[in-house]
Amino acid sequence: MNASPPTEPFTDNLVHFARYLRTRGLPVTSETAADLLRAALIVGLDNPEDAFHALRAVTITRPDHQLVFNEAWELFFGSGRSPRAPKLDTIEFQTWRRNPTLRVIAPTSAEASDDDAAEPKEVAEQMGGSYSERLAGKDFTELTPEEQEEVRRIMARMIWQPAETLGRRWEPARSGYRPDLRRTLRNLVGSKADLLPLAFVAPRPRRRPLLVVADVSGSMERYVEMLLYFIHAARGKLGRLEAFVFATHLTRITRQVRHRDPRIALSQISAAVNDWSGGTRIGESLETFNREWSRRVVRGGPIALIISDGWDRGDPDVLRKQMGIFSRSVHRVIWLNPLAGRPGFAPETRGMQAALPFVDDFLPAANLRDLREVIRTLESVPGHRRPRPVGGDAHGSPPFSRGIPTS
Amino acid sequence: MIPSSVDQVSEAFTSRDYIADRSLAVTVHLALELGRPLFLEGEAGVGKTEVAKVLAAVLDEPLIRLQCYEGLDANHALYEWDYARQMLAIRLLEVKGEGAKADVADIMSREYLVARPLLQAVEAAATGRRPVLLIDELDRADEEFEAYLLEFLSDFQVTIPEIGTIRAATAPVVVVTSNRTREIHDALKRRCIYHWIDYPTFERETAIVHRKIPGISAELAAELARAMERLRTMDLFKPPGVAETLDWAASLAVLGSARLSPEVADSTLGVILKYQEDIERVRTTGVERLLTAG
């Protein structure tokens, strides 16, 4: 090992390399630059392949970084150039950002929402007046901009007490479940008691995570915005929230939803999704979910909320099959259909027909009152699952809790 | 023996029947030299856990394994008091009727402590050894545990209020694996040397089968590796890993099949595919497709 003084072109090169990687979104810190140098000194630079693997191992932290790293490597050291190649100062450091030409859902009112937080809480949940009552029952598509603003404000303050399940962690309890020897002994030390007062532990309750898969295709257009606000309101009031949207294909929006400000969250979501108002392929989107995301984000028995009107351009067989897999990987499937509350509605679209056998609750979601009902349903989710139909040949009628018009 | 170059790592692994590709050998060498944890990610069954086992064998050090699961907490990862023995000791003191103060300290001593994997690793490392600590399937543990581990991995020390701090003299060799059922926090990964273990190439898989299942014919090993290569491009819900290839080879050996015919493959699909949907998918495309050369 011969440590190079930092003025050497090679060291400079590595620093540039590290900076470049950072502009490409890799988690590079100033420490990483030092790691790069150390790694290079350990494996040596005579074998470019080894150097490549070594430098890569200290810079990336996930598989999709590999591609970015490979490109950067090619740019700096590629095409037979040795890692010792003279300093490159010709590279332009540009920020790589997604082209924001996509449609942004414009906030319907320019009024900022932050000052609302100061208002007393009762106003939100107290729906006494006839105005509020009318508002709660009014279809989202018929709201005036001012009313939308009001509804959003109410949504942000709705109280969620989602169902809990028993976790696998333990917490001290007054009585009963399992003796806590650690605490028992600790209490005993120093006390003069003759009896051994047992301390207990019980499983710590934990909230089920919520998994939202929302349809943002053309037919849902007039409801999407308000429903996304609703999802945003759920964030922070539940344990964990994973969210996806789809039209022709699936996009994960979990990170975007996490933004505190709903308007910014929404505009980030619209920037991330590039098939707004496209056709609908529910089955294919669910297939993507099942294959690529299910095992990564479905932990702890989540409650799944599918938001869609069920208008599907895809193959109903695919949808049926994928709904089967999906419903077996989550604790409960709640389907929200904005059209379900309309008089005379029946879930007759091919997509709805294919999906229904796998749905536990089928609920309308066209106004504030409906969404209250959704929250109540979330609160009353039982701890046990009903058995799922297996495979793609289930046609039996499911035991819905409510919502399906009997005809 | 501590391998002191990438080539030596490669050779040492091969001699223990682990055919590592170059990038893995480089990463292992780097982790050993830098004294940093090795973070291995990849689909189930590509040989992540095996790396730790082989590493322990190569270094001739004990392998200390912490299997992660939901709800894993410090009591199970670090240490626990041996309450039953402590209580007996208390009773004994009472019977003897001896003075209490000093004895209470005795009861909270190392003698009554049950060391769990993390403490075991630190204690072994405190004596100057470099044990291999395998933290397996970290993605199964909760975020709380991950945060705890962050601290452990930077200091390699354990503080027990009643006893004091036990510090590792040298950092243990740590291998963390994840099946990526969820994303591990970047802060933890950044402390580690990261490596994504991919499915092996055709040549490497053939070599692995040869090494691990002695007596298998070259044709059969190649047939299996080729079938696997095809299966992994089929968009299956759970593509089979190397572990499945080896299971398959072993099953064929049990059945006495010298070649992989469509019939044999069809009747043994359950060895390599674990989802009904995947088996269906392979059957509808035709098992023969997996086997034809070219």
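Assorted remarks:
- Inter-label distance, A:Leu196 to B:Arg22: 6.4 nm, where each label sits 7 Å from its Cα along the C-beta direction.
- Annotation note: GluC sites (Glu not before Pro) in the stretch B:9-92 located in DSSP loop regions with a Cβ neighbour count of at most 15 within 10 Å are B:Glu70.
- Built amide H within the under 5 Å cut-off of B:Phe39, gap 5+: B:Val176, B:Ile193, B:Tyr194, B:His195
- Debye, to nearest 20: dipole size of the protein assembly as shown, +1 on Lys, Arg Cβ, -1 on Asp, Glu Cβ: 1060
- Cβ-based exposure ranking for B:Leu38, B:Leu273, B:Leu93, in which fewest neighbours within 10 Å come first: B:Leu93, B:Leu273, B:Leu38
- Average beta-carbon neighbours from other chains, 10 Å sphere, peptide B:24-31: 6
- Inter-site label distance for A:Glu171 and B:Gln8 at 7 Å from Cα along Cβ, in nm: 5.3
- Loop-located trypsin sites (Lys or Arg not before Pro) in the stretch B:3-88 (DSSP state not H, G, I, E or B) with no more than 10 neighbouring Cβ atoms inside 10 Å do not occur.
- Directionally averaged shadow of chain B, computed from the convex hull of its alpha-carbon atoms, nm²: 19.2
- Cα-based Rg and Dmax for the stretch B:145-294, where Dmax is the largest Cα-Cα distance (Å): 21.4, 68
- A DSSP coil position with no more than 15 other Cβ atoms inside 10 Å describes the following trypsin sites (Lys or Arg not before Pro) in the stretch A:192-239: A:Lys192.
- Along the axis of the charge dipole computed for the stretch B:204-249 (Cβ charges of +1 for Lys and Arg, -1 for Asp and Glu, origin at the Cα centre), the listed residues B:Leu220, B:Leu231, B:Leu246 are led at the positive end by B:Leu246.
- Cut-off 20 Å (backbone N to label point 7 Å along Cα→Cβ of B:Gln67), residues of the stretch B:122-146: B:132-143, B:145-146
- For A:Ile307, the residues whose amide H sits under 5 Å from its own are A:Val213, A:Ala214, A:Asp215, A:Leu336, ignoring neighbours fewer than 5 places away on the same chain, with H placed 1.01 Å from N.
- DSSP-defined beta bridges in the protein assembly as shown - what % are antiparallel, rounded to 5: 35
- Counted by Cβ distance under 15 Å from B:Arg167, the other residues give a net charge of 0, where Lys and Arg count +1 and Asp and Glu count -1.
- Largest first and in whole Å, the equivalent-ellipsoid semi-axes of the stretch A:190-319 read 40, 18, 11, each the square root of five times a Cα gyration tensor eigenvalue.
- The mean number of partner chain beta-carbon atoms within 10 angstrom of a residue's beta-carbon across peptide B:272-283 is 1.
- Neighbouring Cβ atoms from other chains, within 10 Å of the Cβ of residues in B:184-192, number 3 on average.
- When Rg and Dmax are taken over the Cα atoms of the protein assembly as shown, they come to 29.6, 85 Å.
- Magnitude of the charge dipole for the stretch B:1-139, about its Cα centre and with charges confined to Cβ atoms of Lys, Arg (+1) and Asp, Glu (-1), is about 400 debye.
- With the charge dipole of the protein assembly as shown set up from +1 on Lys and Arg Cβ and -1 on Asp and Glu Cβ about the Cα centre, the Cα lying farthest toward the positive end among the listed residues A:Leu135, A:Phe10, B:Ile193 is that of A:Leu135.
- The Cα center of the stretch B:228-287 and the Cα center of the stretch A:147-166 differ in position by 49 Å.
No value in this document is a laboratory result; all are computed from the given coordinates. Computed from a predicted model, the values in this text were never measured in an experiment. All Cβ positions, even for glycine, are placed from backbone atoms using ideal geometry, and neighbour counts span all protein chains on display.
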